[in-house]
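Read the structure below first, then the notes.
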Amino acid sequence: MPTHPASDPLAALDATAQADLVRSGAASPLELIDAAITRIEAVDGELNAVVLRRFEQARAEAASDDLPAGPFRGVPFLTKDLACPTAGEPQTDGMGATKAAGWIATETSHLAARFVRAGLVNLGRTNSPELGLVPTTEPVAWGPTHNPWDPALTPGGSSGGSAAAVAAGLVPFAHASDGGGSIRIPASACGLVGLKTSRGRISVGPSRGELSSFLSVQFAVTRSVRDAAALLDVAAGREPGDPVVAPAPSAPYRDLTTHAPDALRVGLMTRAPGDTSPIHPECVTAAERAATLLEGLGHHVEVAHPDAYDDPDRAAMFATLWGVDAAVKVTTWGNLLGRSLTEADVEAATWIMASAGRDVLATTYVDAVSRMQVWARAMADWWEPAPRGDGFDLLLTPTLAEPPVRLGTFTGTADDPFAGILRAGPFTPYTPSFNLTGQPAISLPVHQSAAGLPIGVHVVAAYGHDDLLLAVAAQLEQVAPWADRRPRIHA
Amino acid sequence: MPDDLSMLDATAQADLVRTGGATPLELVDAAINRIEKVNDELNAVIHPLFEKARATATGATATSDTPFHGVPIVLKDHDGSSAGDPLHHGNKLLKELGHVADEDSYLIAKLRAAGFIPVGKTNTPEFGLMTTTEPEAYGPTRNPWNTNHSTGGSSGGSAAAVASGMVPVGHAGDGGGSIRIPASECGLFGLKPSRGRVSLGPEAGEAWVGLVQRHVITRSVRDSAAVLDALCGPMSGDPYFAPPPARPFLDEVGADPGRLRIGIRTNAPAAMAVTDDECVAAAEDAARLLESLGHHVEIASPPALDETDLVDFFVAVMMTDVVREVEEVGRIAGREVGPDDFEALTWTYYEMGKTYTSIQHLEAIDAAHAWTRRVASWFTPAAGTGGGGQFDLLLTPTLAEPPPEIGDLVGTTEDPLRGMARATVFAAYTAPFNVTGQPAMSVPLYWEASRDLPIGVQLVADHTREDLLLRVAAQLEAARPWADRRAPVHA
């Protein structure tokens with residue numbers, strides 16, 4: 001079968017299609033893995049998406065009779081270099097300190113084990129900014145990942161390595177995580193499907209109960225909606241001792257996704273929450289285009305959003321929790337490495353965030369969590385059926401305030417290392433609020449700018465209704481398909 | 001109308017109303033008479049709501065389809081607020097200010113919607129911090145079985161009201177054992193539901209980082225099950241919630257639990273306490289009873305229970321909460337507050353809490369989450385979820401000691417932590433399951449031979465398995481009924 005890098009037809013297939021090839025005997029797992037390795041070797045020099053490679057182990061796993069007979073048997077996969085550890089394998093979380101120490105993970109996460117049981121073959125780890133703290137993927141330790149649509153631009157972050165790899169056709173989907181938008185942002189910037197799952201949908205055990213004060217969830221970026229649904233069937237489900245468990249779907253997601261939802265009531269919002277910063281016209285256009293598509297599908301769209309989304313305190317709450325999380329991560333990595341990490345061990349912006357978080361008293365932190373939980377009720381009321389709530393099913397916004405920006409935009413200067421971080425807020429005004437509320441939200445690649453850059457739209461459902469997002473996503477995918485779009489850099 | 005309403009559970013009282021045997025006003029008047037008869041001796045009801053209750057009962061329809069139409073209830077003066085009623089949390093400054101709550105907590109609104117009529121609010125230790133009910137603000141609540149003894153806490157006021165026959169049901173909350181401890185000490189049934197079963201809104205998303213659950217203390221198992229049906233279910237914006245039961249909890253009462261594998265343990269976790277012979281005897285007696293009902297009982301418990309005494313974790317959680325409680329009292333008072341406004345233990349926690357950092361707080365939570373998984377993996381998981389535990393239930397004494405004397409658990413100004421150290425002994429068996437979030441109950445099967453003081457036994461199930469606990473509780477209640485046991489102080 002042809003695996004020439006310049007014209008590898010496998011690069012265009014989603015994971016479901018690749019798994020079907022294995023199931024039907026048209027391709028062996030090893031053939032799929034070898035083709036993916038060839039693709040990575042051919043184009044990753046331009047992208048810098050795959051920073052830790054395990055090609056020989058992957059080939060051995062693909063050739064082994066022990067390869068699990070799961071739904072994605074033999075499909076190539078990549079794992080973000082942040083969280084989701086596999087015992088015995090290197091991982092850096094985007095840090096120079098862990099890279100220099102040659103850190104080897106000591107436990108296997110439930111999620112990594114589920115990926116293995118599904119038959120996926122992991123080819124390595126994808127680039128992440130240090131500790132996943134920023135919406136771009138330019139760690140000092142590994143260098144920047146380039147956007148396949150234009151290598152001068154950011155792929156977004158923090159799951160930018162995974163997004164670049166999937167967009168460029170290296171693998172059909174890849175693990176990703178989202179604490180403030182880190183699945184949705186790179187999905188938007190790279191033209192992919194990025195579902196941030198409901199809080200408690202996917203276990204973060206066994207050693208952890210929550211990540212980033214429950215802000216962060218694990219999942220993936222994919223090209224097709226059906227891949228997202230089928231992979232969620234693999235990833236979701238309670239593990240022993242999970243502190244929070246999202247309600248189970250009524251049927252497998254891959255089945256729910258094929259059923260068109262009843263007419264939905266959708267609120268459209270194209271200004272920034274709190275109207276604090278401008279929204280680029282292309283991003284406004286993207287959301288309006290999605291609104292038109294949804295109306296064409298029989299849904300009702302009106303200009304509306306939850307009042308609480310404009311509450312300025314949401315940014316303060318997020319900043320408190322985010323800073324504390326940075327401090328905890330730096331401390332935790334210090335404990336794992338057996339020494340206290342100092343300013344010299346981390347990037348300047350990381351140190352500033354962690355330093356701010358380190359001084360936060362527990363009571364201040366708990367107060368922020370408590371405010372967040374009360375505010376989340378005001379948000380949730382908008383999705384509650386009338387008369388108790390406002391009776392909306394979905395909120396539709398642009399995913400980002402701008403088309404993908406140039407690499408370096410979020411990098412501080414020697415004089416002002418925090419300047420880049422401050423630039424991140426206006427870039428991502430929509431996404432962090434739903435990490436605070438725990439609601440599911442998805443970025444969908446329904447629009448391209450005049451310059452040909454992907455512009456995602458952001459759809460948010462009530463807590464637990466990941467299935468509704470996938471069903472609507474499948475509808476949009478059908479009427480405005482994106483599978484045939486190719487970025488400039490593609491295997 | 002029967003002569004002795006005091007011996008009827010809420011279900012029976014509701015049946016009287018339904019069949020025309022009594023009016024809501026007759027039930028409420030009778031409860032008020034009972035409170036007036038014995039409350040001086042017990043000090044259980046600290047805020048009578050008699051006129052309001054009579055007005056509600058007078059305005060009530062003769063019958064309704066609510067499950068507890070016209071049935072009197074008492075509300076704990078903590079763990080939830082009722083609109084227009086005093087809310088003092090056992091604090092002397094709030095008492096002095098005559099603080100009144102302006103809204104109903106969801107669970108109070110749900111109790112009203114179920115037909116209950118609150119006739120009074122019951123005593124609590126300051127902010128629910130102790131395992132006895134002896135606040136300086138309102139004085140000790142006394143045990144109806146022997147007024148020299150504590151009722152346990154923190155829901156001791158509600159427990160004394162139910163045990164003395166004032167009302168059939170008392171609202172309660174449990175952050176370290178505060179439903180189960182007073183249930184054990186007063187000879188009642190007390191079920192702490194699974195984390196997320198009963199919403200803590202709208203005023204909060206969670207309390208004590210998820211340790212606190214709310215429900216009621218009852219005499220009968222069926223009352224507890226039926227009230228849980230009325231209270232459970234997510235409310236808009238809950239940060240997480242327990243997956244809903246497959247069928248009403250009331251349907252579990254009388255349902256066959258099958259043959260269960262039960263582990264028994266009669267030495268306190270992590271050697272936190274020396275278990276009194278009577279408490280060991282109570283658990284062993286329950287084991288024999290369970291075996292006679294066809295269950296398999298063996299000496300076994302989650303090994304992780306011996307890993308940590310959890311004292312530092314609870315102190316950390318409580319002191320962090322106390323800082324916020326003290327600041328809230330200051331806001332209500334509109335002035336600086338000081339040590340004279342609080343009990344010595346509370347103020348000590350406040351001082352300690354002010355130096356506790358968010359990193360310490362989150363490290364403690366992470367450790368608790370990891371520990372939870374090790375405990376949970378001992379239990380047979382719910383169908384369709386992961387894990388390989390083999391045991392359906394854990395059986396222990398509820399307490400390490402029989403009900404202590406009044407004053408035994410109280411600290412002094414010189415040594416405010418003395419009381420806390422003693423109080424810890426009384427939470428040795430209960431507190432672990434606040435950390436894990438599992439459902440646990442105290443069942444009144446045993447009374448001390450020499451002093452006729454009640455000694456409860458605790459049964460613990462996997463997360464969300466209240467159904468299993470209620471089936472077994474009903475089986476035990478049928479095999480060895482306690483409904484006719486009457487405390488010496490009884491209305």
Per the Kirkwood formula on distinct C-alpha pairs, the Rh of the range A:3-154 is how many angstrom?
16.1 Å
May I ask you to list the residues of the range B:82-107 whose amide nitrogen lies under 15 Å from a point 7 Å from Cα along the Cα→beta-carbon direction of B:Arg335?
B:92-99
Order the peptides A:176-185, B:318-327 from the highest to the lowest mean number of other Cβ atoms within 10 Å of their residues.
A:176-185, B:318-327
List the residues of the range B:342-358 for which accessible area in the full set of protein chains is at least 50 Å² lower than for the chain on its own; 1.4 Å probe, protein heavy atoms only.
B:Ser358
Toward the positive end of the charge dipole of chain A, about the Cα centre and with charges on Cβ (Lys, Arg +1; Asp, Glu -1), which of A:Ala118, A:Ile421, A:Pro398 goes farthest?
A:Ala118
Need the per-residue list for the range B:300-326: every residue with at least 30 Å² less accessible surface in the complex of protein chains than in the chain by itself, probe 1.4 Å, sorted by number.
B:Thr320, B:Arg324
14 Å cut-off, amide nitrogen to a point 7 angstrom out along A:Ala69 Cα→Cβ, residues in the range A:14-45
A:23-25
At R0 = 22 Å the Cβ-Cβ FRET efficiency linking B:Arg480 and B:Asp277, nearest 0.05, sits at 0.60
Using the heavy atoms of the protein chains alone and a 1.4 angstrom probe, what is the accessible area of the range B:436-487 per residue in square angstrom?
29 Å²
Which order do peptides B:218-230, A:193-205, B:398-410 fall in by mean Cβ count within 10 Å, highest first?
A:193-205, B:218-230, B:398-410
In the range A:226-241, which residues become less accessible by 30 Å² or more once every protein chain is in place, relative to the chain on its own, using a 1.4 Å probe?
A:Arg238, A:Pro240, A:Gly241
Lys/Arg Cβ at +1, Asp/Glu Cβ at -1, dipole of the range A:9-479 taken about the Cα centre: which of A:Pro252, A:Ala165, A:Pro129 is farthest positive-ward?
A:Pro252
Which cross-chain or sequence-distant (5 or more) residues have an amide H under 5 Å from the amide H of A:Val301, H modelled 1.01 Å from N in plane?
A:Val266
May I ask you to derive the relative contact order of chain A, considering only C-alpha pairs under 8 Å and at least 6 residues apart, and to give it as an integer percent?
18 percent
Which percent, to the nearest 5, of DSSP beta bridges fully inside the range A:9-479 are antiparallel?
70 percent
Please identify every one of the trypsin sites (Lys or Arg not before Pro) in the range A:309-352 that sits in a loop by DSSP and has no more than 12 other beta carbons within 10 Å of its own beta carbon.
A:Arg339
Please go through the range B:327-383 and write out the trypsin sites (Lys or Arg not before Pro) that DSSP classes as loop and that have at most 15 other C-beta atoms within 10 Å.
B:Arg335, B:Lys354
Expressed in nm², what is the orientationally averaged projection area of the convex hull enclosing the Cα positions of the range B:213-338?
12.7 nm²
Under unit Cβ charges (Lys, Arg +1; Asp, Glu -1), what dipole magnitude, rounded to 20 debye, does the range A:9-479 have relative to its Cα centre?
520 debye
Work out from phi, with θ = phi - 60° and the Karplus expression 6.51 cos²θ - 1.76 cosθ + 1.60, the ³J(HN,Hα) of each residue of the range B:126-131, listed in order in whole Hz, and give x for Gly and Pro.
3, 6, x, 7, 10, 9
Taking the Cα centre of the range A:26-130 as origin, work out the dipole magnitude from +1 charges on Lys and Arg Cβ and -1 charges on Asp and Glu Cβ, in debye rounded to 20.
200 debye
For the interface of B with A, what's the total buried accessible surface in square angstrom, probe 1.4 angstrom, rounded to the nearest hundred?
3700 Å²
Taking just the C-alpha trace of the range B:1-139, give me its Rg and Dmax in Å.
15.3, 46
Of B:Tyr446, B:Leu75, B:Ser292, which is farthest towards the positive pole of chain B's charge dipole, taken about the Cα centre with +1 and -1 on the beta-carbons of Lys, Arg and Asp, Glu respectively?
B:Ser292
Compute the separation of the alpha-carbon centres of the range A:353-426 and the range A:72-134 and state it in Å as a whole number.
26 Å
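As an exercise, find the ratio Rg/Rh for chain B from alpha-carbon atoms, using the Kirkwood inverse-distance average for Rh. Could you put the intermediate results ahead of the total?
Working: Rg = 20.8 Å, Rh = 22.1 Å.
That ratio equals 0.94.
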Net charge dipole size for the range B:390-483 [Lys, Arg +1 and Asp, Glu -1 on Cβ; Debye, nearest 20]
140 debye
Note: the range B:332-430, point scatterers on Cα, Debye, no solvent; log10 I/I(0) at q = 0.22 Å⁻¹ equals -1.15
Can you give the three extents of the C-alpha atoms in the range A:35-76 along their principal axes, from longest to shortest, in whole Å?
34, 19, 16
Cα centroids of the range B:425-458 and the range A:145-224: how far apart, whole angstrom?
47 Å
In peptide B:239-245, what is the residue-averaged number of other protein chain Cβ atoms found within 10 Å of each Cβ?
6
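Taking a ≥ b ≥ c as the square roots of the Cα gyration tensor eigenvalues, with a/c under 1.5 meaning rounded and otherwise prolate when a/b beats b/c, else oblate, which class fits chain A? Write down the numbers at each step before the final one.
Numbers: a/c = 1.38, a/b = 1.08, b/c = 1.28.
Judged from the Cα gyration tensor, chain A comes out rounded (a/c under 1.5).
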Short version: what are the Cα gyration tensor semi-axes of the protein assembly as shown, square root of 5 times each eigenvalue, largest first, in whole Å?
52, 28, 28
Per residue accessible area in Å² of the range A:9-479, where ligands, DNA and RNA are left out and the probe is 1.4 Å
31 Å²
For the pairs B:Lys52/B:Lys76; B:Lys37/B:Lys121; A:Lys196/B:Lys192, note any where the Cα-Cα span goes beyond 28 Å.
A:Lys196/B:Lys192
In nm, give the distance between the simple-model label positions of B:Ala367 and A:Ile104, each being 7 Å from the Cα along the Cα-to-Cβ direction.
2.8 nm
Taking the solvent-accessible surface of protein heavy atoms with a 1.4 Å probe, what is the per residue accessible area of the range B:1-109 in Å²?
40 Å²
So what's Rg/Rh here for the range B:247-316, counting alpha carbon atoms and using the Kirkwood radius for Rh?
1.08
In sequence order, calculated HN-Hα J values of the range A:146-159 (Karplus, 6.51, -1.76, 1.60; Hz; x Gly/Pro):
9, 6, x, 7, 6, x, 7, 9, 6, x, x, x, 7, 8
Restricting the count to DSSP beta bridges whose residues both fall in the protein assembly as shown, what percent are antiparallel, rounded to a multiple of 5?
65 percent
Expressed as a whole percentage, what fraction of the accessible surface of the protein assembly as shown belongs to carbon and sulfur atoms when a 1.4 Å probe is rolled over the protein heavy atoms?
53 percent
At 7 Å along the Cα-to-beta-carbon direction for both A:Leu297 and B:Asp312, put a label point, then send me their distance in nm to one decimal.
5.2 nm
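The values are calculated or read from the model by the stated rules, or taken from the named source; none is laboratory data. Worth saying up front: this structure is predicted, and the values here are computed from it rather than measured. No Cβ is skipped: glycine too gets one built from the backbone with ideal geometry, and neighbour counts run over all protein chains shown. For accessibility, only protein heavy atoms count, side chains too; no ligands or nucleic acids. Shrake-Rupley method; radii C 1.70, N 1.55, O 1.52, S 1.80 Å.
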